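Q: Please find one structure pasted underneath; my questions will follow.
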Amino acid sequence: VGAALRGAGRRDPGQSGFTIPEMLIGALLATAAATLIATAIYQLSVASRDGRNRLMALGDVQNAALWIGSDTSEAQSFAAGSGATYGTLTTSDVTIQYRYSYSSSNKSLVREVLVSGSPTNTQRIARNIASQGDVTFSLSGTLLTVTITATSATLSESATLNASMRVR
């Protein structure tokens, strides 16, 4: 038995193949490499998911800011709303108004174009608005301040828009 153990790990001239210690070291290196690759792939997937959620929330906030900014620049007045309605902007042509409200079914900020008081166009301008309190409208003189928070998965993006009305 002692003679057999003394020769373990050595190769006789002319024999090919790997010894047990060489096989164990190879298996250990392969396992370490596979672990590093799996960790890198997992980290990449988490980073891309978080990045996608952040971009979605940021896009919602920017889209809403563009619509509100455009409508406010045409507006002569702002009337605060109640309930799910944040308020209504009235243009110099009093028959045209822009009403902003919260849709709890779609969790979104909704913009309606009203002509003579009747909705003619309705669109969601920001998705991922978790609750009605995530959007606020306030008026100080002719300056309309709107704060919007959009949440996609666990990431939130907020913005405050200050837009001046065109009062004549």
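Q: Order of 127-135, 56-64 by packing, highest average Cβ count within 10 Å first?
A: Answer by packing, highest mean first, reads 56-64, 127-135.
Q: Please find, in a Gaussian network model of the chain (springs between Cα atoms separated by less than 10 Å), the residue of 33, 153, 84 whose mean-square fluctuation is greatest.
A: 33
Q: State in Å² the accessible area per residue of the chain; use a 1.4 Å probe, count heavy atoms of protein chains only, and round to the nearest integer.
A: Result: 61 Å² of accessible area for each residue.
Q: Which distance in nm do the two modelled labels at residue 147 and residue 47 give, with both placed 7 Å along the Cα-to-Cβ direction?
A: Each label point lies 7 Å from its Cα, and together they span 3.4 nm.
Q: Percent relative contact order of the range 61-168, based on C-alpha pairs within less than 8 angstrom and at least six residues apart?
A: Across the range 61-168, relative contact order equals 24 percent.
Q: Quick one: length gained pulling residue 74 to residue 136 fully straight, 0.36 nm per residue minus the C-alpha distance?
A: Gain in length upon complete extension: 20.3 nm.
Q: For the range 101-117, take each phi angle, set θ = phi - 60°, evaluate the Karplus expression 6.51 cos²θ - 1.76 cosθ + 1.60, and give the result in whole Hz per residue in order, putting x for glycine and proline.
A: Once rounded to whole Hz, the list reads 8, 9, 9, 6, 6, 9, 6, 8, 8, 10, 10, 10, 9, 10, 10, 6, x.
Q: Now, a different point. Relative contact order for the range 93-140: what percent, with Cα pairs under 8 Å and sequence separation of 6 or more?
A: 31
Q: With a 1.4 Å probe and all protein chains left in place, how much of the accessible area of the range 1-150 comes from carbon and sulfur atoms, in whole percent?
A: Carbon and sulfur: 60 percent of the exposed surface of the range 1-150.
Q: Is there a quick way to get the dipole size of the chain? I mean about its Cα centre, with the Cβ of Lys and Arg at +1 and of Asp and Glu at -1; what is the value in debye to the nearest 20?
A: Computed about the Cα centre, the dipole is about 360 debye.
Q: Between the range 20-68 and the range 139-168, what is the C-alpha centre distance in whole Å?
A: Rounded to whole Å, the Cα centres lie 34 Å apart.
Q: Quick check: the angle from helix 20-74's long axis to the longest principal axis of the chain, C-alpha only, nearest 10 degrees?
A: Helix 20-74 and the main axis of the chain meet at about 10 degrees.
Q: A further question on this structure: D for the chain, whole µm²/s, Stokes-Einstein with Kirkwood Rh over alpha-carbon pairs at 20 °C and 1.002 mPa s: what number?
A: Answer, rounded: 105 µm²/s.
The values are calculated or read from the model by the stated rules, or taken from the named source; none is laboratory data. What you see is a predicted model, and the numbers here were worked out from it, not measured in a lab. We place every Cβ from the backbone using ideal geometry, glycine too, and count neighbours over all the protein chains shown. What goes into the accessible areas is simple: the full protein's heavy atoms, side chains included, and nothing from ligands, DNA or RNA. Shrake-Rupley method; radii C 1.70, N 1.55, O 1.52, S 1.80 Å.
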